[in-house]
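First up is the structure itself, then whatever we jot down about it.
What follows draws every value from the coordinates through simple rules; no lab data is involved. Everything numeric here is computed off the predicted structure, so don't read it as measured data. Here the Cβ positions follow ideal geometry from the backbone for every residue, glycine too, while neighbour counts run over all protein chains shown.
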Amino acid sequence: MIEIQDFLRTLATNSGFWNPLIWGIIIFIALLIAYIIRGRGKKEYKKQTEQTKVFLSGNPELEKEEMHVKASNVYWGFMESFKWLYNGLEKMHTGNVSDYILWFVIILGIFFIILGVI
């Protein structure tokens, strides 16, 4: 059975110490400070009013489908600059899992050979 002395004992390491009781107290104090800071917030805040709406620089909030930015739009410049690479990779893409495992084994073998040489 674990005794309280074992629980309170500090585990000394080369980079610091570990004492669960001290760390528990530190976490409690940090949460208490966060709660106090949160409690000092504005009292006139009201849920389900204009205050809860997202601010979009004065523009009205649209439906979710209209607001969604597709990844093809976000990464357009990146995809356009590496188009030559993606076209080559699409030709290699077979969709067969065993092909990917073969490539993984080949690359892993090359990696181990390089590690063995160095």
Could you tell me which of the residues Asn87, Asn59 is among the polar types (S, T, N, Q) and under 28 Å from Tyr100 (Cα atoms)? Asn87
Restricting attention to the stretch 54-91, the residues that are more than 26 Å from the chain's Cα centre (by Cα), surrounded by fewer than 10 Cβ atoms within 10 Å (Cβ to Cβ) and assigned to a loop (DSSP other than H, G, I, E, B) number exactly 5
Show the residue pairs meeting these rules: Cβ distance below 9 Å; 6+ apart or different chains; first residue within the stretch 96-111 and surrounded by 10 or more Cβ atoms within 10 Å (Cβ to Cβ); second residue polar (S, T, N, Q). Tyr100/Thr94
